[in-house]
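Each remark here refers to the structure printed beneath this line.
The values are calculated or read from the model by the stated rules, or taken from the named source; none is laboratory data. Everything numeric in this text was worked out from a predicted model, so none of it was measured. All Cβ positions, glycine included, derive from the backbone under ideal geometry; neighbour counts span all protein chains shown. Side chains are part of the model used for accessible areas, which takes the heavy atoms of the whole protein and leaves out ligands, DNA and RNA. Shrake-Rupley method; radii C 1.70, N 1.55, O 1.52, S 1.80 Å.
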Amino acid sequence: MNKKTLTTCPYCGVGCNFYLVVDEKDQAIAVEASSGSPVSRGQLCIKGWNAYQFVNHAERLQTPLIRRNGKLVAASWDEALDLIANKLAFIREKYGNDALMFFSSAKVTNEENYLMMKLARAVFKTNNVDHCARLCHASTVAGLAATFGSGAMTNSIDCMENADCVLIIGSNTTEQHPLIGTRVIRAKQKGAKVIVVDNRTIRLAKLADLHIKFANGTDVAFLNGLMHIILSENLENKSFIKERTENFTELESVIKDYPPEKVAALCDISKEELINCARMYATAKSAAIIYSMGITQHIHGVDNVRSVANLAMLTGNLGKAGAGVNPLRGQNNVQGACDMGALPGVFSGYQGVTDAAIREKFARAWQVENLPEKSGHTVTTAMDAAGTELKAFYIMGENPVISDPDQHHVKEALSKLDFLVVQDIFLTSTAEFAHVVLPGVTYAEKDGTFTNTERRVQRIRKAVTPIGNAKADWEILGEVAKRFGYQNMQYQNPGEILAEIAAVTPSYAGINFMRLDQGGLQWPCPAADHPGTPILHIGKFTRGLGKFIPAQYLPPAELPDAEYPLLLSTGRCYFHYHTGTMTRRTRLLEREEHFPYVEINFADAIELNIRDREWVELETRRGKIKVMARVTKAIEKGVLFMPFHFAEAPANALTINARDAIAQIPEYKICAARIIKIIV
Ligand code: SF4
């Protein structure tokens, strides 16, 4: 008889719940939605409905691999782990602790992220630990921590549906976070005003009351322009500004330089659009801002995020239902990976490594001495330092060859390493560079927790036996620690790890498996009887007063020119996820979106003599790839859009490795490109 196990979707940060159906042969064969889920309410998107197929895929890694004579060959766990121990010990001895870099993962559980940062800090005494939040929402973490004191989504998914106005900027919500997209549609049906600010005609733009297509990269100018109008029309929330915020005069002095005429010209929009948008947002009783990587993936990503925060504070749209600043986190557990301290400057719960008392607390809990105090490398700076300062990488569940900017630079970096360990479920493009590959397991083969975009910690549950000799990441990390003589990473089950997390992490203090079995809990949840916190900053910001941090508009790193006349923006598509390791091994998703493509406007296509579905060469100063042209009116003239999921034509062979100075997030959204017709 089939067995059903309630679990959480392994794809996007919405965190839908479903039952994984397993047959009598221990094979995952279907998914059934959970009507009791407060997040997904019995619905799923196409990725969720098909989230069982890759679990049993024939290409799953089933045994450790070791590189011998240039080839990866099967090895026993003891051989692989002994080799890792010998090599890492040798490199540490020769070059020091900070010659090692640890990549944690937004795909694995909270417990595994916690253990990866514990391994780096307690065993190897380095803060060189980071993960792919660096590539999607590092600017959110930095920007909102500075303005509000907490880098997380302020409100709940439910709030999207109950807002009077929803302003969506830099988020293709129905494609990237489909079940939040449905909440926006519900809000519209209930009478909310919907504003879409996006250069592309995304699906939500078709139902929006206002769709503004501003020039890519002018976000700060646009947001400052809105605030200028709000102030000049006395639409700001004066009591909120007075009682709840600081630094307002500094904001005023910057904003005065962004009158509508100037902003309209900078953003390539009309003055009237800007004014309408300002009035619609500022006069709503409760207005929610939704944003995603269209805001964050810029060299001025932190400025963009701070400007979004300024706008919400100016109108008092924080600390109440139906409002807030709502960054939609990309992967299933990118929020959790950040919460767990898989970041170079913080332990779990964003407790700083530079704080001696915090280091002392963790040292005591972990029974070690002298935890490192200097913040470590990020995943992006690590690629620059590979082969020089950094000699070995340990990469768990990440695929930087496909996900990081400027692929040539990444491949060169990985080739320069003395030693590379990759722990994953498939032989990824990154694993092909590894000296040792360790087979991890999928979400279906282990227990643990994920934290979704609204800070909701939810259970995943083991539904099938791990494939072949694969092991859960938490077990593997424990084995590595043991080989270095560290015994405090041996656990019977992930519930024990969560108990340790709760003991050292105030925002997770009241969270345990038993409570989560009754339903998810939104952090902060500081005590066992605390119900969780659906809305942050009620009455008081996490940092006390909200801080206005104004920004000046600055141009992107590389704009189109005579040689490369088009602007290339990259992102995701509905049917695939991240580097495609799971969705591209899912029949239905692969059938729907099989070829790498670039969207191009009709007018540009006519000028270049390119037909719809014709193969073309797409080129930037970093490289050239062959893709299919998708000719569409949904994109503006002069702009191209390409999803980055396709290893055979990687968009990141083209993207620029220019980064935000504070968050070190790359500018995936803008670089100069050209399209060349292939003459046959
Ligand atoms: Fe999974 Fe996200 Fe789709 Fe929900 S919306 S089913 S979490 S991919």
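Numbers below:
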read-out: Filter result (open to solvent by 10 Å² or more (accessible area, probe 1.4 Å), assigned to a helix (DSSP H, G or I) and farther than 17 Å from Asn333 by Cβ) within the range 116-148; value: Val123, Ala142, Ala145, Ala146
read-out: Residue list for the range 2-36, restricted to those being outside any strand (DSSP E or B) and within 8 Å of the ligand (Cβ to nearest atom); value: Cys9, Pro10, Tyr11, Gly13, Val14, Gly15, Cys16
read-out: Single condition Thr245 does not satisfy, out of (1) in contact with a Gly (Cβ under 7 Å, 6 or more places away or on another chain); (2) over 22 Å from Asp303 (Cα atoms); value: (2)
read-out: Number of positions in the range 623-646 that are in a loop (DSSP other than H, G, I, E, B) and open to solvent by 50 Å² or more (accessible area, probe 1.4 Å); value: 3
read-out: Residue match in the range 96-107 (condition: within 16 Å of the ligand (Cβ to nearest atom), touching a residue at least 60 places away in the same chain (Cβ under 8 Å) and not assigned by TED's automatic domain parsing to the domain that holds Asp303); value: yes
read-out: Matching helices (runs of 4 or more DSSP H) fully within the range 174-270 where at least 3 residues are open to solvent by 40 Å² or more (accessible area, probe 1.4 Å) and within 16 Å of the ligand (Cβ to nearest atom); value: 178-189
read-out: Residue in the range 263-274 that is under 16 Å from Ile168 (Cα atoms), of a type in the set (Asp, Glu) and in contact (Cβ under 8 Å) with a residue 24 or more places away in the chain present; value: yes
read-out: Sole exception among (1) of a type in the set (D, E, K, R); (2) out of contact with any His (no Cβ under 8 Å at 6 or more places or on another chain); (3) surrounded by 24 or more Cβ atoms within 10 Å (Cβ to Cβ) for Lys320, by number; value: (3)
read-out: Of the criteria (1) within 16 Å of the ligand (Cβ to nearest atom); (2) assigned to a strand (DSSP E or B), which one Val166 fails; value: (1)
read-out: Scan of the range 281-298 for residues that are in contact with an Asp or Glu (Cβ under 8 Å, 6 or more places away or on another chain), of a type outside the set (S, T, N, Q) and at pLDDT 95 or above, ordered by number; value: Ala282, Ala284, Lys285, Ala287
read-out: Residues of the range 462-485 classified as open to solvent by 20 Å² or more (accessible area, probe 1.4 Å) and either within 30 Å of Lys87 (Cβ to Cβ) or within 16 Å of the ligand (Cβ to nearest atom) (or both), total; value: 12
read-out: Identity of the residue in the range 647-680, assigned to a strand (DSSP E or B) and closer than 17 Å to Ser139 by Cα, that ends up most open to solvent (accessible area, probe 1.4 Å); value: Arg659
read-out: Tally of residues being of a type in the set (Asp, Glu), more than 24 Å from His137 (Cβ to Cβ) and open to solvent by 20 Å² or more (accessible area, probe 1.4 Å) across the range 401-453; value: 4
read-out: Residue in the range 493-511 that is surrounded by fewer than 24 Cβ atoms within 10 Å (Cβ to Cβ), of a type outside the set (A, V, I, L, M) and touching a Cys at 6+ places or on another chain (Cβ under 6 Å) present; value: yes
read-out: The range 346-362: number of residues that are touching a residue at least 40 places away in the same chain (Cβ under 8 Å) and either among the aliphatic types (A, V, I, L, M) or surrounded by 18 or more Cβ atoms within 10 Å (Cβ to Cβ) (or both); value: 7
read-out: Residue within the range 54-65 that is away from the ligand (no atom under 14 Å from the Cβ), hydroxyl-bearing (Ser, Thr, Tyr) and over 31 Å from the mean Cα position of the chain (by Cα) present; value: no
read-out: Residue selected from the range 37-53 under the condition without any contact (Cβ under 8 Å) to a residue 60 or more places away in the chain and more than 9 Å from the ligand (Cβ to nearest atom), by the criterion surrounded by the most Cβ atoms within 10 Å (Cβ to Cβ); value: Ser37
read-out: Identity of the residue in the range 561-600, surrounded by 19 or more Cβ atoms within 10 Å (Cβ to Cβ) and more than 24 Å from the chain's Cα centre (by Cα), that ends up farthest from the ligand (Cβ to nearest atom); value: Leu566
read-out: Verdict on Lys411 being within 23 Å of Asp660 (Cα to Cα) and without any contact (Cβ under 8 Å) to a residue 40 or more places away in the chain; value: yes
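For every residue, the table says whether it meets (1) assigned to a loop (DSSP other than H, G, I, E, B); (2) in contact with a helix residue (DSSP H, G or I) (Cβ under 9 Å, 6 or more places away or on another chain); (3) not hydrophobic (A, V, I, L, M, F, W, C).
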| residue | (1), (2), (3) |
| --- | --- |
| Pro556 | yes, no, yes |
| Pro560 | yes, no, yes |
| Thr570 | no, yes, yes |
| Cys573 | yes, yes, no |
| Arg584 | no, yes, yes |
